[in-house]
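Chemist: Below you will find the structure I want to go over with you.
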Amino acid sequence: MQFKRADRHEAITYTSRKQAAFNRKLAREQQAMPLFADQIAQEQHSWDEEKRLRDERNRRSVQRMRDLYARQWRKVRKDYHALPPALQAQCKAQWHAFWGPKTPANLAYFVDQLNGALAARIAAGEAQTQRIRQKILAQTQTSFE
């Protein structure tokens, strides 16, 4: 199965400009309440601590996205392998002929077309829209009476 390899994210680069901006932020927080500047300064953390926190947030964010991407691929592959062999071959041919990005969402589109899930979702969406319209219509009719 062809797929688009996820890009690797590089570590955050820290510059003197970022450090200066961080220091200005600390000063702004202290100047916002001059009577409590000493207490605010005690609660603020250093540039090294800020870098550590940013690196940790970045690492967690990247891992969360990688997990999401892997979960999407596992689901679409499960759906693909649930197709009968003839439909698998048809889906594979469509997938290989497809010029767009080889992402799980695009493969899911082809699989959903063949297994009927797309039509079921469209029907469910239309039914939901009808229920909402009827509810709104009923509310507007009762408000005018």
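Chemist: Assuming Trp47 fulfils every condition listed in (1) farther than 30 Å from Phe22 by Cβ; (2) in contact with a helix residue (DSSP H, G or I) (Cβ under 6 Å, 6 or more places away or on another chain); (3) modelled with pLDDT of 90 or more apart from one, which condition is it?
Modeler: Only one criterion is unmet by Trp47, namely (1).
Chemist: Within the stretch 119-138, is there a residue that is surrounded by 12 or more Cβ atoms within 10 Å (Cβ to Cβ), at pLDDT below 95 and farther than 30 Å from Thr13 by Cβ?
Modeler: No - not one qualifying residue is present in the stretch 119-138.
Chemist: All but one of (1) over 31 Å from the mean Cα position of the chain (by Cα); (2) surrounded by 10 or more Cβ atoms within 10 Å (Cβ to Cβ) hold for Ala21; which doesn't?
Modeler: Every listed condition holds for Ala21 apart from (1).
Chemist: Something else now. Which of the residues that make up the stretch 40-69 are among the charged types (D, E, K, R), over 19 Å from Arg5 (Cα atoms) and loosely packed, with under 12 Cβ neighbours inside 10 Å?
Modeler: Glu43, Asp48, Glu49, Glu56, Arg57, Arg60
Chemist: If you scan the stretch 94-145, which residues turn out to be more than 24 Å from the chain's Cα centre (by Cα) and touching a residue at least 60 places away in the same chain (Cβ under 8 Å)?
Modeler: Within the stretch 94-145, just His96 meets the criteria.
Chemist: For the structure I just gave you, tell me whether Gln2 is touching a Cys at 6+ places or on another chain (Cβ under 9 Å) and modelled with pLDDT under 90.
Modeler: No: the conditions fail for Gln2.
Chemist: Still on this structure, please answer the following. Please state which of the following conditions Gln72 fails to meet, knowing it meets all the rest: (1) surrounded by 14 or more Cβ atoms within 10 Å (Cβ to Cβ); (2) in contact (Cβ under 8 Å) with a residue 40 or more places away in the chain; (3) under 30 Å from Tyr109 (Cα atoms).
Modeler: Condition not satisfied by Gln72: (2).
Chemist: Right, next: Quick check on my filter: what residues within the stretch 75-93 are surrounded by 11 or more Cβ atoms within 10 Å (Cβ to Cβ) and under 23 Å from the mean Cα position of the chain (by Cα)?
Modeler: Lys75, Val76, Arg77, Asp79, Tyr80, listed by residue number.
The values are calculated or read from the model by the stated rules, or taken from the named source; none is laboratory data. Source: prediction; values computed, not measured. Don't worry about glycine lacking a Cβ; one is built from the backbone with ideal geometry, like all the others, and counts go over all protein chains shown.
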